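Colleague: Dropping the structure in here first, questions after.
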Amino acid sequence: MLHLRLGMNSWLRVAGSTVIVLAAFVAVGTLSGSPAARSSAPAQVTFNRDIAPIIFRSCSTCHRPGEAAPFSLLNFSDAKKHARQIVDVTQSRAMPPWLPEPQKLKFADEMRLADSEINLIRQWVEQGAIEGAPADLPPPPKFVEGWRLGQPDLVLTAIKPLTLPPSGTDTYWNFIFPVPIQETRWVKAVEIRPGDKRYVHHANILVDRAGSLRQRESAPGAGFGGMEIRIESQVFDPDSHLLFWKPGTIPYVEPEGMALRLDKGTDLVLNTHLQPSGKPEVIQPSIGLYFTPRAATKVPMLLQLENDAKLDIPAGQKDFLVTDEFTLPIDVELMAIYPHAHYLGRDIQALATLPGGTTETLIHIPHWNLNWQAVYRYLEPVRLPKGTKVSLRYVYDNSEENPLNPNHPPARVMGGNRSSDEMCHLWLQVLPVNFDPAQGDPRMALQEALARHDVEKNPADFEAHYNLAAMLQAKDRLDAAIREYELAVRLRPEDAVANNALGAALVGAGHPEQGVGYLQAALKTRPEYFDARYNLGLALAAQNDFEGAAQQFRLALKLQPDDANVEANLGAALAEMGQFPGAKAHFERALQIDPNQAIAKENLQALQKAMGAH
Amino acid sequence: MGLGRLCFLNRPMFVAAAVFCAALAQAQTALDLEGRAVSPLAADSSKVVVLVFLRRDCPVSSRYAPEIQQISKQYADRAAFWLVYPDKTETPQAIRKYLQDYGYRLPALRDPDHVLVKLGRAQITPEVAVFDRDRRLVYDGRIDDWYVDLSRARPAPTTHELEDAIRAASSGKPVAKSEVRGVGCYISDLE
């Protein structure tokens, strides 16, 4: 008698946590301009002595050829040609683009000008924009040409460029970059070159470990449109990095111990926000990857606060407040923050209330502008102990007075993925600290707390039930997971991912006869769904329908020909039916793909013993 | 208007300077891309005249290209459009390339002395000046309200000052708004 092992719970292919990652963008205008510093300023302001140091430090990085800004600011005549414009945009703080108000917790790479600098610029222009003495001019700024961090270890270029039309509204486009690696690599830095920087407002990289976005392309490499996209992930592997580009971004090198994991078959998806220029533009981004031989020892996680369900903003309402708050179940260090709303967002704030009762502002943007959205990294990680309440407070303006209002006249606006819908999201990159590794991955506690919070907040939230189920399943609490998956499927009866997950959980819990129907439902929605095909094979095999199982495994192999698990299980099903030569061939093929495939190894030995005995 | 301009021939390259000065003296008006003096207001008195002030290095100016082209086409029977480049350092070659890149099919003028700028009371690029059939300035300012400020543009304009002015001026009616300043780049920065 052969000892055959078919896939068990842990072999089931389940999309773990469904993560909706967003992408967005925008502009600002506060008219401030306090007349301070006038007394301390030199009587005659000159470019060479007083203005050049400000321009070289805070403007030239983007205002030079090949960069994002529309004209250069590298010398006196450049500045003179835009002098009054520079006064206007610095007074309004539209330039340099930096949205957050000054606060106690400092951000890295802050681009804010001091009031005294803004006043100096104004004085310079009022006095006739004088050049000044050549001896006063500081040396011109030096910039690294090409890749900022040197030649990357791997450069990925978009397969098909996008031609941006000369006019029309802003465009959101996603480029998919398959990563040609044969084994897992660790990435310590990513440099995004978004194509022609003048027309790319921002770009965000999403890590798609399951190839779930490829199906949205009309042809491989074609890319696809859309502002907000959803990524499915196989296992508990929450996103941990904010890979973001905006004009002026300096590539970020991960701190010691941190790195982004890339596996064979991973796609990087670049979500871009593009703005027409007046003429057709060809956009072909590329991504440079810098590897490190050291695997990550510290794994941060992205926490998302959100409350899109509360976004039902009446037409004309000027101050529509949305809040969310989440209490941290463990100690963390906050590394970066990324607020996101669309065109109605106006005043955006995030706070942390520590267990002792003190409240810190994590970020405050009084004039939100999607065009200049950004990831803000803290200069020093912010300690947030267990029990800290993190809250968001976003105010939306759906009145006629909001010039960015997508509707004219204003109309009711709900939460949603289109740029004319609204969003209320806040991402926090946190690193769990002070945890006991024996208690398992601390991120699980965060994810579960977050999933429970989401379900409580919104019982009709499909993703919340789904994510909670995935967490429970990851902790082997299968019955509880099944209940949550059922709630998710009830909310979206045709969702392939949820049906597959529920079916797989039922098979794992020893109810294959109940699982089959959900797996078939998943395949009805998405016939090319490899995971559901594979799981259906397992469900049939668990009911001793080996012929049916073999058929499903064969179909699965058509979808992913190099999957060792499928080969091993197909071999096992054939062996069960007494088809030993066929079984042997598939076990061998499984081991060819993955020499450590346990089922194939074990079964092949048993099979050879059995065949030898004949 | 019409101030006399002194021409100092104090350059070592006397001949070249003389030619340059002659062109200026002759100009007192805008130049086409061949360097010939052109008076856009003298042309075809059956139509209103629209001067569109642009800078190549002004992104707001550039983003308006499809809109300007479209409006000029729509009102071709009633309005004669001229693109005006007030930057004196701008070369005809660079302007030609720009017109081609942005798909313009409109005559372009250089206005190095800001004769048309003064005539059309332009302050910003892009702005327009609309002259009626009697060549009175009836509107100067923005094309529409697409831009709110340099960092914010509406999804679509909600007012259309240029089109309103063309329609009124070409049918002999008074123009409702005679002046609304634009958003973009200062022409005075070019002086």
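Colleague: Which angle from 0 to 90°, rounded to the nearest 10, does the C-alpha axis of helix A:530-542 make with the longest principal axis of chain A?
Modeller: 30 degrees
Colleague: Moving to a separate point now. Could you list B:S61, A:S277, A:S420 in order of exposure, starting from the residue whose Cβ has the fewest other Cβ atoms within 10 Å?
Modeller: Starting with the residue having the fewest Cβ neighbours, the order is A:S420, A:S277, B:S61.
Colleague: Going highest first, how would you order A:576-584, A:435-443 by mean Cβ packing within 10 Å?
Modeller: In decreasing order of mean packing, A:576-584, A:435-443 become A:576-584, A:435-443.
Colleague: Can you list, largest first and rounded to whole Å, the semi-axes you get for the protein assembly as shown by taking the square root of 5 times each eigenvalue of its Cα gyration tensor?
Modeller: Computed over the protein assembly as shown, the values are 60, 29, 26 Å.
Colleague: From Cα pairs below 8 angstrom and at least 6 apart in sequence, can you work out the relative contact order of the stretch B:42-190, rounded to a whole percent?
Modeller: Worked out over the stretch B:42-190, it gives 28 percent.
Colleague: A further question follows. Could you pull out the pairs from A:K475/A:K601; A:K104/A:K142; A:K81/B:K97; A:K188/A:K601 whose alpha carbons sit more than 26 Å apart here?
Modeller: Exceeds cut-off: A:K475/A:K601; A:K104/A:K142; A:K188/A:K601.
Colleague: Which distance in Å, rounded to a whole number, links the C-alpha centroids of the stretch A:108-158 and the stretch B:144-187?
Modeller: 34 Å
Colleague: Among the lysines, which fall within straight-line cross-link reach of A:K160, defined as a Cα-Cα distance under 23 Å, with same-chain neighbours fewer than 8 residues apart omitted?
Modeller: A:K197, A:K246, A:K264, A:K279
Colleague: Also, quick follow-up: Ranked by Cβ crowding within 10 angstrom, fewest neighbours first, how are A:K264, A:K246 ordered?
Modeller: A:K264, A:K246
Colleague: What does the C-alpha gyration tensor say about the overall shape of the stretch B:107-180? Classify as rounded when a/c is under 1.5, otherwise prolate if a/b is larger than b/c, or oblate.
Modeller: Verdict is oblate for the stretch B:107-180.
Colleague: Below 8 Å between Cα atoms, with a sequence gap of 6+, how large is the relative contact order for the stretch B:87-143 in percent?
Modeller: Reported relative contact order: 24 percent.
Colleague: What angle, in degrees between 0 and 90 and rounded to the nearest 10, separates the Cα long axis of helix A:462-474 from the longest principal axis of the Cα atoms of chain A?
Modeller: Tilt of helix A:462-474: around 60 degrees.
Colleague: Could you work out the relative contact order of chain A? I mean the mean sequence separation of Cα pairs under 8 Å and 6+ apart, divided by the number of residues, in percent.
Modeller: For chain A, the relative contact order is 16 percent.
Colleague: A follow-up question, please. Roughly speaking, what is the centre-to-centre gap between the stretch A:532-578 and the stretch A:398-441 when only Cα atoms are used, to the nearest Å?
Modeller: Between the Cα centre of the stretch A:532-578 and that of the stretch A:398-441, the gap is 42 Å.
Colleague: Please label the shape of the stretch B:42-190 as rounded, prolate or oblate, based on the square roots a ≥ b ≥ c of the eigenvalues of the alpha-carbon gyration tensor (a/c under 1.5 means rounded; beyond that, a/b larger than b/c means prolate, else oblate).
Modeller: Rounded.
Colleague: Rank the residues B:D134, A:D109 as a footprinting-exposure proxy: fewest other Cβ atoms within 10 Å of their Cβ go first.
Modeller: Starting with the residue having the fewest Cβ neighbours, the order is B:D134, A:D109.
Colleague: Short version: what are the Cα gyration tensor semi-axes of the stretch A:301-434, square root of 5 times each eigenvalue, largest first, in whole Å?
Modeller: 30, 14, 12
Colleague: Mind listing the long-range amide H neighbours of A:D239? Cut-off is under 5 Å, sequence gap 5 or more, other chains count too, H placed in the peptide plane at 1.01 Å from N.
Modeller: The list, which skips near neighbours in sequence, is A:L302.
Colleague: Sticking with this structure for a sec: Rounding to the nearest 20 debye, state how big the charge dipole of chain A is about its Cα centre with +1 on each Lys and Arg Cβ and -1 on each Asp and Glu Cβ.
Modeller: Roughly 900 debye, rounded to the nearest 20.
Colleague: Could you work out how far helix A:598-613 tilts from the main Cα principal axis of chain A, as a 0 to 90 degree angle to the nearest 10?
Modeller: Rounded to the nearest ten degrees, it is 20.
No value in this document is a laboratory result; all are computed from the given coordinates. Here the structure is a predicted model, which is why all the values come from computation and not from measurement. Glycine gets a Cβ as well: all are built from the backbone with ideal geometry, and neighbour counts include every protein chain shown.
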